[in-house]
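To start, the structure under review is shown below, and the notes come after it.
The values are calculated or read from the model by the stated rules, or taken from the named source; none is laboratory data. On a predicted model such as this, the values are computed, not experimentally measured, just so you know. Please note: Cβ atoms are built from the backbone with ideal geometry, for glycine as well, and neighbour counts cover all protein chains shown. The accessibility values were calculated without ligands, DNA or RNA, using every heavy atom of the protein model including side chains. Shrake-Rupley method; radii C 1.70, N 1.55, O 1.52, S 1.80 Å.
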Amino acid sequence: MGKALTSVIGFVSAIALAVPAVAQPASGDEIVVTGEKKKKEIAQALKKLIEPTGREQLARFEDQVCPMVIGMPRDWTAAMTRMIRENITAIGGKLEPMGCKPNALAIFIDQPRELVAALHDAEPHLFNMTPREYAQFAALPGPVWSWHVTDMRDREGHQVAQGSMNGNDFAVIKNAAATRLYSNVREDMLGGFVVIDRQQTIGRTLRQLADLTTMHLMLDIKPGAEKQDMNSILSLFMPRAESNVVPARFSQFDRGILAGFYTQRENNRSATQQRENIAAAIRDGAGAERKAPERR
């Protein structure tokens, strides 16, 4: 995984040379989702936002995250990387120390669709997709494409031996003890990618872009999720009426989703249980912004 990401970084850096126009200063206060949502309503909203894996679980980073931004001027990439790291800490994620080998890449480029196709041709194993799934993914309208490399692990984080016999897939799990409350396995993110059309970033702030990137790197965002809530940072590039203010950063609900997911002690649950746990955390105030030392 590490070698593959290193080759991707070199490949992308060689072609992401043009510099975009200067981002404009932020204006206005943070947009916050208002109103009291019931746990069931929140869970239904989450179902439209986060994509489950083929094993019907929600994947997340269990190991330390090392984010990297490519395709912006050097001082901008440093600022955005710092913001993303601060975001990850604030939601309860774990961070690798500075200077680490990246496993979460944010790529800004003028021809994003062509880059996604080139990456797929060069490193198809980084997509975890069947040919049909990739064709649907590549056809998305953009301007944001994000995906993750995931792996099935046992509930303690150990790799699970997998195989096939007589056309049937199987997994060998030691110390199996599944109940209705939890599963023997979980889905771990090993790497995250978000590719953004650099032409669409003109007039956006680095804070907006960093928060949008954090959402896509830390969650498996469903295609079309940006249309669900115009207060969400996911809607950053959506057309809107003049009266509808562009979010300056995370909404309270955005932050609640991230914190509600990454502060859960264990993740070996079904997607339904995971959404209910996140919804309960949001209802109980997981969206409150906080600062904490970086977890390593």
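Once you put a point 7 Å from the Cα of residue 265 and another 7 Å from the Cα of residue 74, both along the Cβ direction, what distance in nm separates them?
It is 4.6 nm.
To the nearest 10 square angstrom, how much accessible area does residue 125 have with a 1.4 angstrom probe?
Around 100 Å² of this residue is reachable by solvent.
Given points 7 Å out from each Cα along the Cα-Cβ axis, report the residue 158 to residue 56 separation in nanometres with one decimal.
2.7 nm
Using only alpha carbon pairs under 8 Å that are at least six residues apart, calculate the relative contact order of segment 177-256 and give it in whole percent.
Rounded, it is 26 percent for segment 177-256.
Full extension from residue 44 to residue 86: what is 0.36 nm times the residue separation minus their Cα-Cα distance, to one decimal in nm?
Here the segment from residue 44 to residue 86 would lengthen by 12.3 nm.
Give me the extension gain from residue 122 to residue 238: residue separation times 0.36 nm, minus the current Cα-Cα distance, reported in nm with one decimal.
Separation in residues times 0.36 nm, less the Cα-Cα distance, equals 38.7 nm.
Starting from 0.36 nm per residue, how many nanometres of slack lie between residue 228 and residue 130 once their C-alpha separation is accounted for?
Using 0.36 nm per residue and subtracting the Cα-Cα distance, I get 32.6 nm.
Can you give me the distance in nm between label points at residue 199 and residue 111, each placed 7 Å from the Cα along the Cα-to-Cβ direction?
Distance between label points: 1.2 nm.
Tell me the accessible surface of residue 110 in square angstrom (1.4 angstrom probe, heavy atoms of protein chains only), to the nearest ten.
For residue 110, solvent-accessible area is about 60 Å².
Rounded to the nearest Å, what's the spacing between the alpha carbon centres of segment 52-69 and segment 187-219? Just the number, please.
If you average the Cα positions of each part, the centres end up 14 Å apart.
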